[in-house]
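The values are calculated or read from the model by the stated rules, or taken from the named source; none is laboratory data. Keep in mind the model is a prediction, meaning the values are calculated, not measured. Cβ sites come from the backbone with ideal geometry, for glycine too, and all protein chains shown count toward neighbours. Accessible surface areas use protein heavy atoms only, side chains included; no ligands, DNA or RNA. Shrake-Rupley method; radii C 1.70, N 1.55, O 1.52, S 1.80 Å.
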Amino acid sequence: MPKLSVIVPCHNVQDFLPDTLRSLARNAGQDAEFLLVDDCSTDATGDLLRRAAPDIPRARVIRHETNQGISQARNSGIEAARGDWLTFLDGDDWYAPGYLDALLAAAHRLDADFVRTDHVQVTGKARVVHRAPAPRRDVALSPREAIVPAAMKTMVDYPFVWAGAYRRSLFDQGLRFVPDLRTAEDRLFTWQLHLRARTFATTGLYGVYYRRGVATSLTQIGDERQLDFIPAHDRILDEVTADAEADRFLPKIVRTYCAMIAFHAAGATRYDAPTAKVLRRRSAAALRRMPQDVLADVLDVLDAPRAKVLRRLLGRPTARPASSHRTGKAA
């Protein structure tokens, strides 16, 4: 039985898939299996997968007859996986030689429920190392301790699910990607990991290469699919609100949600006019769904440009008076 299952969702990535497949072949040690999920591609992706699979030990192709999105593609791989550990790779990214052996060795050595790694971001010919913002490295920690503080970048702000490995037991307990989220599914998954798992660890591996700026990526497409960040963060907010430590974690998720709304609202010109209008309406409604006392505190400490965007959406062009800051009451 394999020790590590590598799940690779692919949809219309024919221009980049050869690099990905070569990197899998270079990492095909005796402990790894590869689940190559063709999410009903309409280009040569499916043919490339079928031709390459026989040359990659323990590779299997899973074909979706309809396009179901990256979340369900990953879920299909999870259902088919046989390894003790699972990891993910997008179909336009790749691994350095020996990365998977090093990842599995780190997972066994650290003996946590999940292990996160650093990664290399590739934009054209430029390569930049991105480090996971862990409080400590190479030791098992509480995932909950790595959610806070609210005002700092923490591990829930590092939503790159392919930068790590996850015990099978997490998925046996029902953890999955939400199929109806076309974007931001990884942010929800990351929060759920940190709320539900017992232990995690971070280690300094740089062998996963993440390709940015791909024209076909959903992160580059300015249509209504981008607005799925709203239901994704609504789900996180609901889960945090129901948590026994809600008071501790609400400032973090509200601040994160506000930052996402401000980012999208400030860049609304990327969208067509009808989508931009929907963005403003849904963003305002999302702000009003948040716990208003926490939201007021967040707006007081956010930088001025983002706070201005959010207050405009709320119809509150000015900040609370100083006296309200002291009493905690909204103006």
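Results, tabulated for the structure shown:
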{"read-out": "Amide proton proximity set for Ala44, modelled H, under 5 Å, gap of 5+", "value": "Gln14"}
{"read-out": "Whole-number accessible area per residue in Å² for the range 271-314, which is evaluated in the context of all protein chains at 1.4 Å", "value": "52"}
{"read-out": "J(HN,Hα) series, the range 194-199, from Karplus relation 6.51 cos²θ - 1.76 cosθ + 1.60, nearest Hz, glycine and proline x", "value": "6, 7, 10, 6, 8, 9"}
{"read-out": "Cα long-axis angle, helix 292-301 against the chain (0 to 90 degrees, to the nearest 10)", "value": "90"}
{"read-out": "HN-Hα J in Hz across the range 135-151 - Karplus 6.51, -1.76, 1.60, θ = phi - 60°, x for Gly and Pro", "value": "x, 8, 10, 6, 8, 6, 10, 7, x, 5, 5, 8, 7, 9, x, 5, 7"}
{"read-out": "Trypsin sites (Lys or Arg not before Pro) restricted to DSSP loop in the range 138-197 with at most 16 other C-beta within 10 Å", "value": "Lys153, Arg176"}
{"read-out": "Degrees separating the helix 17-26 axis from the principal Cα axis of the chain, which is the longest one", "value": "60"}
{"read-out": "Percent carbon-and-sulfur accessible area, the range 102-178, ignoring ligands, DNA and RNA, probe 1.4 Å", "value": "53"}
{"read-out": "Anisotropy class of the range 177-300 from Cα gyration tensor, a/c 1.5 cut", "value": "oblate"}
{"read-out": "For q = 0.10, 0.12 Å⁻¹, Debye-computed log10 I/I(0) when each Cα of the chain counts as one equal scatterer", "value": "-0.62, -0.87"}
{"read-out": "Longest DSSP-loop-exposure-free segment, GluC sites (Glu not before Pro), the chain, at most 12 other Cβ within 10 Å", "value": "66-244"}
{"read-out": "Using θ = phi - 60° and Karplus 6.51 cos²θ - 1.76 cosθ + 1.60, couplings along the range 48-56 (whole Hz; Gly, Pro as x)", "value": "4, 5, 5, 6, 7, 3, x, 8, 10"}
{"read-out": "Cα-projected label distance for Phe263 with Asp111, points at 7 Å along beta-carbon direction, nm", "value": "3.7"}
{"read-out": "For Leu205, residues with placed amide H under 5 Å, excluding near neighbours", "value": "Asp118"}
{"read-out": "Residue-normalised accessible area of the range 64-198, expressed per residue, 1.4 Å probe, Å²", "value": "40"}
{"read-out": "Between 0 and 90°, nearest 10: helix 69-80 axis offset from the chain longest Cα axis", "value": "50"}
{"read-out": "Efficiency of FRET from Cβ geometry, Ala25 and Lys153, R₀ 45 Å, rounded to 0.05", "value": "0.80"}
{"read-out": "Estimated [θ] at 222 nm from DSSP helical runs (n ≥ 4, -39500 (n - 2.57)) normalised by residues in the chain, nearest 500", "value": "-12500 deg cm²/dmol"}
{"read-out": "Accessible area in the full protein assembly, largest first, 1.4 Å probe, for Lys252, Lys308", "value": "Lys308, Lys252"}
{"read-out": "Distance between modelled label sites at Thr199 and Asp243, nm, 7 Å Cα→Cβ extension", "value": "2.0"}
{"read-out": "Bins of 5 Å from zero: percent of alpha-carbon pairs in the range 86-193", "value": "2, 10, 20, 25, 22, 15, 6, 1, 0"}
{"read-out": "Distant-in-sequence amide H partners of Ile7 (H built 1.01 Å from N, under 5 Å)", "value": "Leu35, Thr87, Phe88, Leu89"}
